[in-house]
Amino acid sequence: EHAWELYDVGRAASLRAAARRLLDATEDLARAVWKGVPGGAAAVLHGAVGREAGEGWPAHLVKRWLEEGFGAAVAGLRVELPPLPVALGAASFMRALDDLGFATRVAAAPRAMPFALAREPGARAAHRLGFVFAGLAADVEWQVRALGLGRRSALRQARVLARTALLDARLHAARLLLACDPSSAPRDLFDELGERLFGLPLDARLRGAWPAARDDEPARFVALVEARPFTDALRDRFDVDWFRNPRAWAHVRAVSAVPAAEPHDPKALDPGVDRLARAFEGALG
């Protein structure tokens, strides 16, 4: 009935309802963490770059930094990364970690596995691991151990990047809602989402052009919701510094070696959204 059903992540109406649920559940928190920033998309996006969280990162974002920090995760894999972003701020490193997680999930599939099993429409499993990797940038323990920061600095920087992650999650929800009719992007919906995201409506000339909804938006949104339980399971099983444990990476790679098209339980979407919202409250509340 809808093109999104190709991704096997639930019905379009349920996905749109979950996207609104995420926006509603994080509305007050988003207003609180951005209240010191002048209203408007430009100011919020500039703040989300995370330049005030600049301690511990290398001067340049290069592939070698990723390989040294995640050797246990990528050892022996043919990881193909896209061009890395310019290091404009801490959020650039978060974006690079997302790319690394996605590429690691793709590379971990056995080469002998047929393409139709190794890949899935929308790459939900790869996007989920991308979100798990990106989430490390806003993890206090990772900031302490990987970047060598003191705990006070790590707490401050993790909060800055959690704010960035919150905006990103809400942007995913907005893209999903706009994707219901990308050819027209209804004016009332566009104005509503712009104000909810940035405090002021977006310039009307951006309607239908930004934020652009991608073809695999449903798979990305479900992957975002699923990433939190995945990370929590790693922390419960391998402790808060799971990213330093070779057994944790062996587990991640074992999970990544199974066929990519995992079954999806639509009933888990709403509880997953609530869990994600609570995680943001814990990090920023």
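Mind putting together the pair-distance distribution for the chain? All Cα pairs, 5 Å bins, whole percent per bin, short to long.
Here the calculated profile for the chain is 1, 6, 12, 16, 18, 18, 14, 9, 4, 1, 0.
Considering Cα pairs under 8 angstrom that are at least six residues apart, work out the relative contact order of the range 53-123 and quote it in whole percent.
Working: 46 pairs, mean separation 22.5, N = 71.
Relative contact order of the range 53-123: 32 percent.
Tell me, what is a quarter of the convex hull surface for the C-alpha atoms of the range 233-285, in nm² with one decimal? Mind showing how you got there, number by number?
On the way: hull surface 19.6 nm².
So the mean shadow area of the Cα hull is 4.9 nm².
Where the only charges are on Cβ atoms (+1 Lys, Arg; -1 Asp, Glu), what is the dipole of the chain about its Cα centre, to the nearest 20 debye?
Details: 39 positive and 36 negative charges, 136 e Å.
My answer is approximately 660 debye.
Leaving out ligands and nucleic acids, note down the accessible area per residue over the range 50-125 with a 1.4 angstrom probe, in whole Å².
Heavy-atom accessible area per residue stands at 53 Å².
Before rounding to the nearest 500, sum -39500 (n - 2.57) across all DSSP H runs of length at least 4 in the chain and divide by the residue total; then give [θ] at 222 nm in deg cm²/dmol.
Details: 13 runs with 174 residues, N = 285.
Computed mean residue ellipticity for the chain: -19500 deg cm²/dmol.
Just to confirm my numbers, what's the Cα centroid distance between the range 63-115 and the range 136-208 in Å?
Distance between centres, Cα-based: 22 Å.
Given the options ALA108, ALA204, PRO218, identify the residue whose Cα lies farthest towards the positive end of the charge dipole of the chain (+1 on Cβ of Lys, Arg; -1 on Cβ of Asp, Glu).
ALA108
Which one of ALA53, GLY40, ALA90 has its Cα pushed farthest toward the positive end of the charge dipole of the range 1-103, where Lys and Arg give +1 and Asp and Glu give -1 at the Cβ?
GLY40
Decide, for the range 68-206, between rounded, prolate and oblate: order the square roots of the alpha carbon gyration tensor eigenvalues as a ≥ b ≥ c, take rounded if a/c falls under 1.5, and otherwise choose prolate if a/b is larger than b/c, else oblate.
Numbers: a/c = 2.80, a/b = 1.22, b/c = 2.29.
Since a/c reaches 1.5 but b/c is at least a/b, the shape of the range 68-206 is classed as oblate.
Most mobile of ASP99, ASP139, ASP239 per a Gaussian network model of the chain (Cα springs, under 10 Å)?
ASP239
Any number yet on Rg/Rh for the range 2-159, C-alpha, Kirkwood? Present the calculation step by step, with values, prior to reporting the outcome.
On the way: Rg = 18.2 Å, Rh = 18.0 Å.
Ratio value, two decimals: 1.01.
Compare the peptides 6-13, 169-176, 113-120 by average per-residue count of other Cβ atoms within 10 angstrom and give them in order, highest first. Before the final figure, lay out the partial values.
Numbers: 6-13: 17.5, 169-176: 22.2, 113-120: 13.1.
Highest-to-lowest ranking by the protection proxy: 169-176, 6-13, 113-120.
What's the magnitude of the charge dipole for the range 1-125 around its Cα centre, counting Lys and Arg as +1 and Asp and Glu as -1 at the beta-carbon? Answer in Debye, nearest 20.
100 debye
Using only protein heavy atoms and a 1.4 Å probe, report how much of ARG244 is accessible, in Å² to the nearest 10.
150 Å²
Find the relative contact order for the chain and round it to a whole percent, using C-alpha pairs within less than 8 Å whose residues are 6+ positions apart.
Working: 371 pairs, mean separation 80.0, N = 285.
RCO, the chain: 28 percent.
Give the carbon-plus-sulfur fraction of the accessible surface of the chain in %, rounded to a whole number; probe 1.4 Å, heavy atoms of protein chains only. List each step's numbers first, then the result.
Numbers: 7380 of 13750 Å².
Answer for the chain is 54 percent, counting heavy atoms of protein chains only.
With springs only between Cα atoms under 10 Å apart, run a GNM on the chain and tell me which of ALA87, ALA233, ALA19 wobbles the most.
Among ALA87, ALA233, ALA19, the largest GNM mean-square fluctuation belongs to ALA233.
Cα gyration tensor of the range 91-164, axes a ≥ b ≥ c as square roots of the eigenvalues: rounded (a/c below 1.5), prolate (a/b > b/c) or oblate? Could you put the intermediate results ahead of the total?
Values: a/c = 4.22, a/b = 2.67, b/c = 1.58.
Judged from the Cα gyration tensor, the range 91-164 comes out prolate (a/c at least 1.5, a/b above b/c).
Using the Kyte-Doolittle scale, find the helices of the chain whose mean hydropathy is at least -1.0 and whose Cα atoms extend 18 Å or more along the helix's long axis, counting only whole DSSP H runs.
Numbers: long enough: 12-33 (31 Å, 0.17); 90-108 (27 Å, 0.64); 124-136 (19 Å, 0.75); 151-178 (40 Å, 0.14); 217-238 (31 Å, -0.20); 269-284 (22 Å, 0.12).
Passing helices, by number: 12-33, 90-108, 124-136, 151-178, 217-238, 269-284.
Determine the shape class of the range 1-41: with a ≥ b ≥ c the square roots of the Cα gyration tensor eigenvalues, call it rounded for a/c under 1.5, and otherwise prolate if a/b is greater than b/c, oblate otherwise.
Working: a/c = 4.72, a/b = 2.89, b/c = 1.63.
Prolate is the answer for the range 1-41, as a/c is 1.5 or above and a/b outweighs b/c.
The values are calculated or read from the model by the stated rules, or taken from the named source; none is laboratory data. Source: prediction; values computed, not measured. When we count neighbours, we look across all protein chains shown, and the Cβ atoms used for this are built from the backbone with ideal geometry, even at glycine. Heads up: the accessible areas ignore ligands, DNA and RNA and are worked out on the full protein's heavy atoms, side chains in. Shrake-Rupley method; radii C 1.70, N 1.55, O 1.52, S 1.80 Å.
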